[in-house]
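Data block below; observations after.
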Amino acid sequence: MRKVFILLSLLVVGIFAAKADAPEWQTTYKQVESSMKSPVFNGRTYIITKFGASTKASAAQNQKAINKAIATCSRKGGGRVVVPAGTWNTGALTLKSGVNLVVEKDARLVFAFDTSLYPLVRTRWEGMDCYNYQPCIYGNNVSNVGITGEGTIDGGASNDAWWFMTGVERFGYKDGRENCKYTGARNKLLKMVAYGVPLKERIFGKGYGLRPQLINIIDGQNIIIEGVTLLRSPFWVIHPVFCKNLTVRNVHVWNEGPNGDGCDPESCDGVLIEGCRFHTGDDCIAIKSGRNQDGRSDGRPSQNIIVRNCDMEDGHGGVVVGSEIAAGVRNVFVENCRMDSKNLERVIRIKSNPCRGGTTENIFVRNVKVGRCKEAVLKINLDYDPKEQCCRDFPPTVHNVWVENSTCEESENGVFIVGLADNDNVYDIHVRNCKFDGIKNQTIKVTGKAHGLYFE
């Protein structure tokens, strides 16, 4: 503790030395905002009942019927595939270009727990490329697609379906059940990434316990997800990878399961997340760009992202960058969000480690209102997951982070920075015109190396 106080005293000059503005709000922010355009769909409508779907049919029958409707719609130039009111059991669905999947009010699309309904597809699992169970709604190399409506998309996960695969008893694991800990699937995939094993040999799925996402779109452009309620995902909820021009608007995410991230854009360019409500078992929003060698090899950062007018309740973090950010993250704007819960651990969080590398830069936060959070309003941690087995020759960098005009009523710390012991890679951190009340520990806490910290 004494060491921390000495460090902070040396920062006093920096605290009052500058009153610089963040001009990016007037330049980059407006450029990103003006570039976002919703996809335009053909006026044709395809109702799933016309293709054999029924509220009384099996999940396999409805899966076949809905996928046929989607494929027909796309082949004929696109349009709306409509899921009408009622409960529709199904298996994994495949989005096609030009299709807006509309889940109408009082409609509930429920994904059955039957691994035979989730064939192997190319995906990313915790930032690592592999073949795994097809996500519940999946698209690969698609453009002009939507998932919209006022209905509910229910991943069907529970302690008896998917979640037990964590190998954790409180999520339903019992001896003899498939789980990723017993099979060592996660560690196996980590080693494959480290040793450069080709994607075609990274085969998982049945017997390995790596759970699928609820929505996963890879190599997509011009995408909108709007209005729907998303529940009980087996794993991450919304997970776009290598996507451009993505809007997530007025979506309600409720997912208290393990690794239940709400929206995780990974290596995406041009993302707008607005008017959404998150209640999750992990990070509400987590921006990513690939894990370790896979992320560094692709070299595709996440960039030009706006998060605004969202409500965050439970979760490990409100808006998070990391930890799978080996290709870097830049130009992230967060504004006018509300976050409040005794179970919300951090508000703004940047997490990485020397396994990753990558640069996180140009992160701008303003007008965020926080009731309660546990650990910190802003936490930057470059020593996240210190036990991860990996080559640690890639120290990450975080710089040019701004938090402005934000308030908090109760937290353990205001700003908590965990730098590296050997690399001074956290710098140009600005906290301006903020009011942090109810701080139980320290308003500013710093361990490891950091410089250029400005608190006004």
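The values are calculated or read from the model by the stated rules, or taken from the named source; none is laboratory data. Model, not experiment: these values are computed from the prediction. Glycine also receives a Cβ, built like all others from the backbone with ideal geometry; neighbour counts cover every protein chain displayed.
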Members of the stretch 32-48 found to be closer than 16 Å to Thr87 by Cα and either surrounded by fewer than 16 Cβ atoms within 10 Å (Cβ to Cβ) or basic (Lys, Arg) (or both), listed by number: Ile47
Among the candidates Pro240, Pro212, residue that is assigned by TED's automatic domain parsing to the domain that holds Gly98 and touching a residue at least 12 places away in the same chain (Cβ under 8 Å): Pro212
Qualifying residue in the stretch 331-344 (condition: among the basic types (Lys, Arg), touching an Asp or Glu at 6+ places or on another chain (Cβ under 6 Å) and surrounded by fewer than 24 Cβ atoms within 10 Å (Cβ to Cβ)): yes
Number of the condition not met by Phe164 [criteria: (1) part of a helix (DSSP H, G or I); (2) at pLDDT below 95; (3) over 23 Å from Gln389 (Cα atoms)]: (2)
Filter pass, Gly257 being farther than 18 Å from Tyr384 by Cβ and touching a helix residue (DSSP H, G or I) at 6+ places or on another chain (Cβ under 8 Å): yes
Residue identified as touching a Lys or Arg at 6+ places or on another chain (Cβ under 7 Å), outside any strand (DSSP E or B) and among the aromatic types (Phe, Trp, Tyr) among Phe394, Phe416: Phe394
Qualifying residues in the stretch 273-292 (those that are farther than 22 Å from Lys379 by Cα and part of a loop (DSSP other than H, G, I, E, B)) - the one nearest to the chain's Cα centre (by Cα): Cys276
Residue satisfying condition, being assigned by TED's automatic domain parsing to the domain that holds Ile350, over 21 Å from His399 (Cβ atoms) and not in a loop (DSSP other than H, G, I, E, B), within set Gly295, Gly270: Gly270
Subset of the stretch 298-350 that is in contact with a helix residue (DSSP H, G or I) (Cβ under 8 Å, 6 or more places away or on another chain) and in a loop (DSSP other than H, G, I, E, B) - its residue that is farthest from Val193 (Cα to Cα): Ala327
Residues (in contact with an Asp or Glu (Cβ under 9 Å, 6 or more places away or on another chain) and among the aliphatic types (A, V, I, L, M)) located in the stretch 156-194: Met165, Leu189, Leu190, Met192, Val193
Unique match (being outside any strand (DSSP E or B) and crowded, with 21+ Cβ neighbours inside 10 Å) among Cys408, Cys355: Cys355
Residue among Lys374, Lys445, Lys379 that is within 26 Å of the chain's Cα centre (by Cα) and part of a strand (DSSP E or B): Lys379
Subset of the stretch 420-435 [closer than 29 Å to Arg356 by Cβ and either out of contact with any Pro (no Cβ under 8 Å at 6 or more places or on another chain) or not assigned by TED's automatic domain parsing to the domain that holds Asn353 (or both)]: Ala421, Asp424, Val426, Tyr427, Asp428, Ile429, His430, Val431, Arg432, Cys434
Criterion violated by Asp437 - all others in (1) over 14 Å from Leu382 (Cα atoms); (2) crowded, with 16+ Cβ neighbours inside 10 Å; (3) of a type outside the set (A, V, I, L, M, F, W, C) satisfied: (2)
Residue list for the stretch 273-291, filter: farther than 18 Å from Ile147 by Cα and either charged (D, E, K, R) or outside the structural domain of Thr359 (by TED's automatic domain parsing) (or both): Asp282, Asp283, Lys288, Arg291
Qualifying positions in the stretch 359-373 - surrounded by fewer than 20 Cβ atoms within 10 Å (Cβ to Cβ) and farther than 18 Å from Val321 by Cα: Asn367, Lys369, Gly371, Arg372
Positions within the stretch 182-200 being of a type in the set (Ser, Thr, Tyr) and either in contact with a Phe, Trp or Tyr (Cβ under 8 Å, 6 or more places away or on another chain) or at pLDDT 95 or above (or both), in sequence order: Thr183, Tyr195
Verdict on Asn255 being more than 24 Å from Thr359 (Cα to Cα), surrounded by fewer than 20 Cβ atoms within 10 Å (Cβ to Cβ) and either in contact with a Gly (Cβ under 9 Å, 6 or more places away or on another chain) or in the same structural domain as Ala112 (by TED's automatic domain parsing) (or both): no
